[in-house]
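We did not get these values from a lab; they are worked out from the coordinates using the rules stated. As the structure is a prediction and not an experimental result, all values here were calculated from the model. With ideal geometry, Cβ positions are generated from the backbone for all residues, glycine too; neighbour counts draw on all protein chains shown.
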Amino acid sequence: MAHRKSTKAIQDTCVAALKALSHFDEATVTHLTLCPEQEQFVDPIELVFSELRSNSCPELKHPFSIVAGNKVVGFFVLRERTAVPEWAPPDVITLHGLRVGPAYQSNGYGMAAMRLAVQWILTNRPCVDHLMLAVNARNGTARNLYLKSGFRDTGATYLGPVGIQNILEYEMR
């Protein structure tokens, strides 16, 4: 078996934990509202959980909260196999809808979320070699976070609901 790359590229000093959510735990993260400039780049929480509940393969979509102390500071969803979007190959896991509540931004929780996502994949899906995501080309803050976390731009783009998305990937090997 090939040696796995560590999560060293996305180490930080922020102490946070990942908590798996059910498809009915919407109330746990509804307080994570974003300013309109950021909200345009992610689906509303209500829509995310509505889609999770109506999905025919719920075991392929994994919602998580990011917890610091006793506070929920962020949220994202991982998708795998047939639940990945059309821009991703079926053998990767994709990350969607990362949000960190405004009161918790600029404290390292975005970087912590990337570290925690990678750790979850290494532990629970050891055969998966890549984590991928699409980030809106106009969302420079998120793009910079992902690149600082060890993602690389694949050069591929996708036309999303609010414009061009850059496809990024994190290689686990």
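Overview of results
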read-out	value
For the range 155-164, 3J(HN,Hα) per residue [Karplus equation, 6.51 cos²θ - 1.76 cosθ + 1.60, θ = phi - 60°, Hz, x = Gly/Pro]	x, 7, 10, 8, 7, x, x, 10, x, 5
Label point 7 Å beyond Cα of residue 57 along Cβ direction - residues of the range 89-108 with amide nitrogen under 17 Å	89-96
Per-bin percent of Cα-Cα distances, the range 12-157 [5 Å]	2, 9, 20, 24, 24, 16, 6, 0
Computed lengthening from residue 38 to residue 152, 0.36 nm per intervening residue step minus Cα-Cα distance	38.9 nm
Net lengthening on full extension, residue 91/residue 164 (0.36 nm per residue, minus Cα-Cα)	23.9 nm
Approximate spin-label separation residue 31-residue 70, in nm, with each point projected 7 Å along Cα-to-Cβ	1.1 nm
Mean Cβ count within 10 Å, highest first, over the residues of peptides 44-54, 153-163	44-54, 153-163
Where labels lie 7 Å past Cα in the beta-carbon direction, separation of residue 46 and residue 173 in nm	4.5 nm
Taking N as its residue count, the alpha carbon Rg of the range 112-173 over 2.2 N^0.38 Å	1.15
